[in-house]
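The values are calculated or read from the model by the stated rules, or taken from the named source; none is laboratory data. Since the structure is predicted, the reported quantities are computational estimates derived from the model, not experimental observations. Neighbour counts run over all protein chains shown; Cβ positions are idealised from the backbone, glycine included. For accessibility, only protein heavy atoms count, side chains too; no ligands or nucleic acids. Shrake-Rupley method; radii C 1.70, N 1.55, O 1.52, S 1.80 Å.
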Amino acid sequence: MPHHADVVIVGAGAAGLMAGIWAGHTKPNRRIIILDSAKKPGAKILVAGGGRCNVTHHKVSEVDYAGSSRNAIKKVLRRFNVNMTITFFRSLGVELKKEDTGKLFPVTDSSESVLHSLLRAADKANIQLIHPFKVQHITKKDDKFIITDGHDSFIAKSLVLATGGKSLPKSGSDGHGYLLAKSLGHTLSHHVFPALVPLTLPGTHFICSLSGITIPATIEVQSGSGKTLESFTDSTLFTHFGLSGPSVLNISRYYKAAKLNDPNTKLIINFLPGYTFELFHNYLLNNQKQRVSQLLKDKLPDRLTKALCEENQVFVSDQIDQIPKAKRKQLCRSITQYDLPVSGDRGFKYAEVTAGGIPLDQVHLNTMESRICPGLFLCGEILDVDGRIGGFNFQWAWSSGYITGISII
Ligand SMILES: Cc1cc2nc3c(=O)[nH]c(=O)nc-3n(C[C@H](O)[C@H](O)[C@H](O)COP(=O)(O)OP(=O)(O)OC[C@H]3O[C@@H](n4cnc5c(N)ncnc54)[C@H](O)[C@@H]3O)c2cc1C
């Protein structure tokens with residue numbers, strides 16, 4: 001016999017818990033059930049921010065996001081903004097602190113405190129959390145949803161899909177939620193791909209042999225015609241497989257999206273942010289009697305200088321006026337406009353978020369209810385919205401989860 005509930009929420013991540021807590025507060029005395037496939041729900045909250053959980057950012061706006069239209073994203077974010085997030089967590093006993101980067105973390109510096117506060121609040125709001133329960137199929141009959149894992153079933157008038165995307169599949173977010181949404185009439189964006197993901201280079205590339213080096217760098221996506229489409233300047237990490245660090249994670253989704261449309265898209269790195277090709281070339285010309293190693297000593301790690309010189313058949317000990325003009329220019333280009341031969345990315349296993357999903361034009365933004373399937377609500381990463389590093393993805397989960405929670409009838 002199926003179990004009856006007023007509301008079933010699939011997914012006990014940030015968005016699902018938020019929706020549940022607010023649904024419980026808004027209209028008590030309903031039977032609200034959250035189902036989650038994971039043995040231990042909330043895995044992403046726990047691993048977030050290196051175990052400290054970057055809950056939000058002190059300044060959040062639609063320009064920090066991509067995917068669906070920014071105007072639509074803005075409408076959702078302004079209903080539950082950063083101040084409301086801070087107040088909400090304070091009411092749960094979690095004080096947030098702002099770091100110099102603008103990121104907000106719990107004062108405890110522990111993700112556990114964030115997850116526990118949400119689970120406690122869900123419990124207080126009389127939400128029943130059932131796990132592990134992997135929803136396999138959902139059907140709609142006579143205005144009711146029948147939700148099943150193949151053995152047990154639930155019948156509910158309202159359904160929330162908060163199943164996340166495909167990033168970090170071992171956490172339980174394996175993309176199955178998309179199939180559930182599709183079975184209820186939704187469609188996905190043209191592309192669904194890993195975002196905030198490290199990028200790979202051919203194994204023989206010199207960057208792979210410089211694993212461990214971290215430098216500030218500017219990385220930009222250039223169209224085939226040379227136009228700058230997006231750019232980030234931040235810490236950049238060289239690894240045995242290629243590149244990682246905030247600049248690379250942030251640019252990855254823009255590079256991939258552009259590449260899907262234009263195979264001639266390039267990813268260009270400037271190892272010396274602040275120096276254009278011309279500025280750096282002039283710097284060399286103004287210091288002709290100096291050696292390459294001396295000029296770059298305080299600007300780049302020695303190992304990187306050496307590798308860049310080798311790429312251009314220049315010796316680090318060469319004096320600038322000994323280097324032929326063409327090679328000197330080539331060296332300047334390598335340092336300030338290096339065309340990275342990206343071979344791919346590390347995939348969903350290592351991605352922090354999913355680009356793509358269910359487009360926002362398929363939901364009513366004032367309620368997050370589906371325009372296609374009445375009674376169904378969608379929130380969090382399952383939607384076609386992804387933010388940059390800094391707490392923006394959680395803020396999306398809090399905002400969209402809140403609207404869902406207060407709107408479920
Ligand atoms: C390593 C890492 C670090 C991150 N750090 C940060 C950070 O510091 N700040 C930030 O803002 N963002 C961060 N993010 C991104 C952020 O964690 C996500 O955007 C956010 O958790 C998405 O919340 P969600 O509730 O929509 O989905 P999820 O957190 O993915 O939750 C979805 C839940 O649904 C369940 N589920 C899925 N399918 C089914 C099914 N068929 N049946 C039952 N249950 C199902 C899953 O088990 C899961 O518990 C990080 C992500 C990763 C991977």
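Taking the condition within 15 Å of the ligand (Cβ to nearest atom), modelled with pLDDT of 95 or more, open to solvent by 50 Å² or more (accessible area, probe 1.4 Å) and in a helix (DSSP H, G or I), does Val76 pass?
Numbers: within 15 Å of the ligand (Cβ to nearest atom): yes; modelled with pLDDT of 95 or more: yes; open to solvent by 50 Å² or more (accessible area, probe 1.4 Å): no; in a helix (DSSP H, G or I): yes.
It is false that Val76 is within 15 Å of the ligand (Cβ to nearest atom), modelled with pLDDT of 95 or more, open to solvent by 50 Å² or more (accessible area, probe 1.4 Å) and in a helix (DSSP H, G or I).
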Next on the checklist: So the check is Cβ under 9 Å with 6+ separation or different chains; which pairs have a first residue in segment 51-76 that's without any contact (Cβ under 8 Å) to a residue 12 or more places away in the chain and a second one that's of a type in the set (A, V, I, L, M, F, W, C)?
Outcome noted: Arg70/Val63
Checklist entry - So which residues in segment 291-347 are at positive phi and open to solvent by 70 Å² or more (accessible area, probe 1.4 Å), if there are any at all? => result Gln313
Item to check | Meets criteria (assigned to a helix (DSSP H, G or I) and in contact with a Gly (Cβ under 7 Å, 6 or more places away or on another chain)) for Ser334 | outcome: no
Item to check | Flag for Phe105 being surrounded by 21 or more Cβ atoms within 10 Å (Cβ to Cβ), more than 19 Å from the chain's Cα centre (by Cα) and within 15 Å of the ligand (Cβ to nearest atom) | outcome: no
Item to check | Subset tally (residues that are in a strand (DSSP E or B), open to solvent by 40 Å² or more (accessible area, probe 1.4 Å) and touching an Asp or Glu at 6+ places or on another chain (Cβ under 8 Å)) for segment 221-250 | outcome: 4
Checklist entry - Taking interchain pairs and intrachain pairs at least six residues apart, which have beta carbon atoms under 6 angstrom, with the first residue in segment 218-233 and farther than 15 Å from Asp64 by Cα and the second surrounded by 20 or more Cβ atoms within 10 Å (Cβ to Cβ) and among the acidic types (Asp, Glu)? => result Thr228/Glu220
Checklist entry - Out of curiosity, is Val94 open to solvent by less than 20 Å² (accessible area, probe 1.4 Å), away from the ligand (no atom under 13 Å from the Cβ) and either under 21 Å from Glu230 (Cα atoms) or outside any strand (DSSP E or B) (or both)? => result yes
Next on the checklist: Being over 18 Å from Ala15 (Cα atoms), open to solvent by less than 80 Å² (accessible area, probe 1.4 Å), more than 16 Å from the ligand (Cβ to nearest atom) and out of contact with any Phe, Trp or Tyr (no Cβ under 6 Å at 6 or more places or on another chain) is true for just one of Arg30, Arg70. Which residue is that?
Outcome noted: Arg30
Next on the checklist: Any residue that is outside any loop (DSSP other than H, G, I, E, B) and surrounded by fewer than 20 Cβ atoms within 10 Å (Cβ to Cβ) - is there at least one of those in segment 8-24?
Outcome noted: no
